[in-house]
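A.B. asks: Sharing a structure with you now.
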């Protein structure tokens, strides 16, 4: 890709930011399966109204344990279906008892002697639970094949769930990922060895079959490689967050709640077993309880002059999240890219914007879009702590086992993200 | 009236919802006396700014004890008159001491040697206190005759005031009233005997001299009848709320505060005397203090996934109000009726919409509107608890006595509704 | 000037109220140095984002102790510069470490081997600290000469800082100043001797070289004179606020934060020395700690019917501020002047509006505007407490000394005004 000293984001790129129904990005994102909730947050027999890409849905778990996603409101008198009761796999409206099957078909209208159920239905959306996340297909077309990530399924270890919400446009987070040069500054105080990562010339971004392969080459020739999957996925190897584990692979999805709020759904692959796994689990559970301060709120305090990064109590808040909040939310709820000055170090950001612009243009004009596909060769890489390149996926793991999914989100984080996901009355 | 399986609300019906000055519904509603406040909430010598139908007013009680309603702001420099002081029946502005009589005439301009009071006045609105409520006429024309309800005035017993505010459009509540079939579902957990009420074919709605007579006929031929009075009044008989009293007659008025908030002013006729009255009064006062949770806030928690109806502490909240909040506020602040599917059981809703559409159309085109009038024959009826139809109005009461007005609103309810009624600075 | 019984504010006068970039008033106000913050609130090495006239800036104090004001966001990726770190007099962005000198020039781009710093800069705004306030020039032209007020600099005594924020348009406060007749009413409960001040005929307003000379003549011929300086300054003598001091001179600046919030930056000249100064200082510090209630919040409670002026605890709140809040915020966030009825007593308000209208019209049409200048003859005057006219500026003070600046703002006031000044993320 080009190497511009200064690249301006084309006017059309605004189109990437708004994801409501009918918007270009909203329609494009709805062509892909998207995670919308955490399996662990939805008990059997419980329903909630969630907002995803500025659209409201009723999400519930039937008594069989299966999750279902349907339109948010009853077509009879418009009240929220999530306040209704679950009967088997069906959902009965709180207001007049109209009952809808998991396929959206109206099954009962108790106050109507001559019921007209067969003429009434709501939309039901395909749902699949995978790696502790509830995925849904929200588009109007036939759902594409569900993309699996076998490395995260079949191994002897744990998949840790560590998602968070952030109060800004999702694209600010997405761009932040393909921007290794922020690490030395934003997270510089945190992990000393980040320093030096991400010098402009050493960065490269190439289109792949899945999206963008983003790399950094050290002066000694060693490379670190991360994989961006269109339209909003990231597959990376990151520094260990515990002394007993090595570099850790992760999958991220950035999903708009609305145009100024988003979720990062994240799962980490931790190939630890036995005593190591037990000790790690204990430390993680201790840590999630220790965190009392919502990074989202503290970041606002910092940005609005009520707190200083120098006085943060690192025990009580997730520092990395806080730092990214400050950098990303500090750009405003929806960053104004007009007049932005990009450099060589922004090659990843530029690559993503170009792919998105190209695909959105084709999509909006009805031309064919690229069929993105992750194959087994599209994996992240990093040099080891002791200098040896390593792909953890293959090391000492037993592919016959199924990894256990563990929630490591701090309790305060869960409260904040559920508040963000649960659509406010308006 | 017709019996449509599916009736769509005509586009024009949006006109029923907005009640600000100059809007069709706002102008139509202003042709009628409306309750705007509770007598007990306004002490002598006190003034408040209230918002009614998206318009602000200064409401005050003179030293004589009479209530007065005038424009909210001083014509001199525009500050709120309610911060001023009351002198006799006049109101003196806090800012420069301009003094206005209860008729709105400017009486003094202390800083002006050559006062021009005679050229300055504000609008004063006719006010009348009745059944514990302060009514006002906010229209531009001559006020119509004040409608009285003798059944609630002259009897040996108590008139209980039990009003509440709700954070949604007033028309959602109005429609909910002529919708008996919601009772079995929305309030089903509450009072077992509600079950079975409101099957579609058994419901009927006929235009009356006052509005709509809404009925339900049981298989055994017994009828329950409720009366809707145009444009926003309800006269009904409801199940007893105390073991020592029978079915209880009530009057409701749904009054917009603005387009997304409204009051239900409600009075209940309780023909209890002597020891029964004393015991009832004690129970009511105990109950209003027991209620600590605002149903409005808890309903939002339910609708936004932070609480569940199954875990509600019925001691600490008014359950019926909460249930109606969930059903009505769950439709959104202003329900979107586009695409709604009405059935036979919605005959009451359809009847109200038709009357409103017809009258609004005539009103807006300058054609004569119907002169609604409640006569003594327009009363609600219900079968008795023991099976015998009963009209409480006539039972064991002494028409020479004047009923005492008792406030039974929970303390938390009063705080919430005063906050809703008192216009925020904007 | 004319003496109209009723004067309507011309339609164009709306132009005085909006002060965002590009608006007529915003452009006009930016031709003048404006105070934007308090020196004492900005420690060395600290940066904050502030909002002034609906525009955001990064304000910071370099390690030398000098204050600097630059654009709020980094031109690279748009994050707030105030979250960055201060290095000497430069500010380094938190996100990718771009470093900017106090003159706005980009000095480093750490991730760019071929840096293009010389092509990148942000705007830096001239700053000057004076009388405990940080002044800035936000216009596009050459800054005018900085206006000094020697009476407040060189004397043996203290300059007390007593600024506050108010949640309404700045022009409401500005007009309130040239309106002596409000004092007897708004502050009437406070200081008995205010009664009788400000009868209409006794008031006069004349254009001066600086703005408007506003006077009041007592029946005995004694005069009180206050000076308004264009576009938004006031120089007055006010009643003593402590028994040991005489009439006290003050300077006020009304500066928009945005269109519905403003600061009154205020300094008071207190020519007290020795034991009197020590005792006064002690009383002032005791008083600022005693004040627990934010007048801004209590005023809203009063205006919205949750509190009454009659029940205010004068120990815990600044009563004069509260009274002015009620009068000014009671006009609404931006007062609607349509239909206003002005009288003879509003001669000061009329004078200010006329000057503003004339100057704004000339400014917008590109014609020369008047060069306002305060000379030594433009000073306030008042009769003494014992009847003798006095100008405190000359009494028993030593012009060789430099007055000490003392912060007397209540702690709750500082918290409220910093929240108002520090731009929220949007």
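All of the numbers you see were taken from the coordinates with simple rules; none came from a lab. If you're wondering where the values come from, they're calculated on a predicted model, not measured in any experiment. Note that each Cβ is placed from the backbone with ideal geometry, even for glycine, and that neighbours are counted across all protein chains shown.
A.B. asks: Using alpha-carbon pairs under 8 Å, 6+ residues apart, how would you state the relative contact order of chain A in percent?
C.D. replies: 22 percent
A.B. asks: Under the definition of partner shielding as Cβ atoms of other protein chains within 10 Å of a residue Cβ, what is the mean value for peptide A:115-123?
C.D. replies: Mean shielding by partner chains, rounded to a whole number: 2.
A.B. asks: So the label point sits 7 Å from Cα along the Cα-to-Cβ vector; using that for residue C:20, what distances do you get to the other copies, in nanometres, sorted shortest first?
C.D. replies: Label-point separations across copies, in nm and ascending: 1.9, 1.9.
A.B. asks: From the square roots a ≥ b ≥ c of the eigenvalues of the alpha-carbon gyration tensor of the protein assembly as shown, which class results: rounded (a/c under 1.5), prolate (a/b over b/c), or oblate?
C.D. replies: Because a/c hits 1.5 or more and a/b fails to exceed b/c, the protein assembly as shown counts as oblate.
A.B. asks: Using just the alpha carbons, could you tell me how many Å³ per residue the convex hull of the range B:9-79 encloses?
C.D. replies: 113 Å³
A.B. asks: Further question on the same structure: Assign one of three labels to the range A:216-342, namely rounded, prolate or oblate, based on the Cα gyration tensor with a ≥ b ≥ c the square roots of its eigenvalues; rounded applies when a/c is under 1.5, prolate when it is not and a/b is larger than b/c, and oblate otherwise.
C.D. replies: Since a/c reaches 1.5 but b/c is at least a/b, the shape of the range A:216-342 is classed as oblate.
A.B. asks: I would also like to ask the following. On a 0 to 90° scale, report how tilted helix C:411-421 is relative to the longest principal axis of chain C, with both axes built from alpha carbons and the result rounded to the nearest 10.
C.D. replies: 60 degrees
A.B. asks: Is it possible to state the helix-based mean residue ellipticity at 222 nm for chain C, with each DSSP H run of 4+ residues giving -39500 (n - 2.57), the sum divided by total residues, to the nearest 500 deg cm²/dmol? What is it?
C.D. replies: Taken over chain C, the calculation gives -6000 deg cm²/dmol.
A.B. asks: What order do you get for B:419, C:315 when you list them from fewest to most C-beta neighbours inside 10 Å?
C.D. replies: C:315, B:419
A.B. asks: Arrange the peptides B:74-83, B:32-41 so that the one whose residues have, on average, the most other Cβ atoms within 10 Å appears first.
C.D. replies: B:74-83, B:32-41
A.B. asks: Hey, what's the per residue convex hull volume over the C-alpha atoms of chain C, in cubic angstrom?
C.D. replies: Hull volume normalised by residue count: 155 Å³.
A.B. asks: Could you state the number of Å between the C-alpha centres of the range C:19-85 and the range C:247-305?
C.D. replies: 23 Å
A.B. asks: Within 10 Å of each Cβ in B:335-346, how many Cβ atoms from other chains are there, averaged over the peptide?
C.D. replies: Average neighbour count from other chains, rounded to a whole number: 5.
A.B. asks: Moving to a separate point now. Along Cα-to-Cβ, 7 Å out, sits the label point; list in nm, shortest first, how far the one on residue C:308 is from those in the other copies.
C.D. replies: 4.7, 4.7
A.B. asks: A follow-up question, please. Quantify how strongly other chains surround peptide C:104-114 by giving the mean number of their Cβ atoms within 10 Å of each of its Cβ atoms.
C.D. replies: Neighbouring Cβ atoms belonging to other protein chains average 5 per residue here.
A.B. asks: Let me ask another. If I fit a long axis through the Cα atoms of helix A:319-329 and take the longest principal axis of the Cα atoms of chain A, what angle between them do I get, 0 to 90°, rounded to 10?
C.D. replies: Rounded to the nearest ten degrees, it is 80.
A.B. asks: Using a Förster radius of 30 Å, what is the FRET efficiency between residue C:334 and residue A:14 based on their Cβ-Cβ separation? Nearest 0.05, please.
C.D. replies: With a Förster radius of 30 Å, E is 0.45.
A.B. asks: Specify whether the C-alpha gyration tensor of the range B:82-201 places it in the rounded, prolate or oblate class, a ≥ b ≥ c being the square roots of the eigenvalues: rounded for a/c under 1.5, otherwise prolate if a/b is larger than b/c and oblate if not.
C.D. replies: Here the range B:82-201 falls in the prolate category.
A.B. asks: Let me ask something else about it. Based on other C-beta atoms within 10 Å, arrange C:146, B:116 from fewest to most.
C.D. replies: Lowest to highest Cβ neighbour count: C:146, B:116.
A.B. asks: If packing is taken as the average count of other Cβ atoms within 10 Å, what order do A:236-246, B:291-301 fall into, highest mean first?
C.D. replies: Averaged packing, sorted descending, gives the order B:291-301, A:236-246.
A.B. asks: Simple spin-label model, 7 Å along Cα-to-Cβ: residue B:103 to residue A:103 in nm?
C.D. replies: Distance between label points: 7.5 nm.
A.B. asks: Also, I was wondering about something else. Once both axes come from the Cα atoms, what is the angle between helix A:274-290 and the longest principal axis of chain A, in degrees from 0 to 90, rounded to 10?
C.D. replies: Orientation of helix A:274-290: about 80 degrees from the principal axis.
A.B. asks: Sticking with the crude label model, points 7 Å out along Cα→Cβ, report the distance from residue B:411 to residue C:207 in nm, one decimal please.
C.D. replies: If labels sit at residue B:411 and residue C:207, their model points lie 6.2 nm apart.
A.B. asks: Taking the Cβ-Cβ separation of residue A:315 and residue B:301 as r and a Förster radius of 35 Å, what is the calculated FRET efficiency to the nearest 0.05?
C.D. replies: 0.70
A.B. asks: How much length, in nm to one decimal, is gained on full extension between residue B:419 and residue B:357, taken as 0.36 nm per residue of separation minus their Cα-Cα distance?
C.D. replies: 19.1 nm
A.B. asks: From the label point of residue B:113, set 7 Å along Cα to the beta carbon, how far off in nm is each other copy's matching point, shortest first?
C.D. replies: Label-point distances to the other copies, shortest first: 8.6, 8.6 nm.
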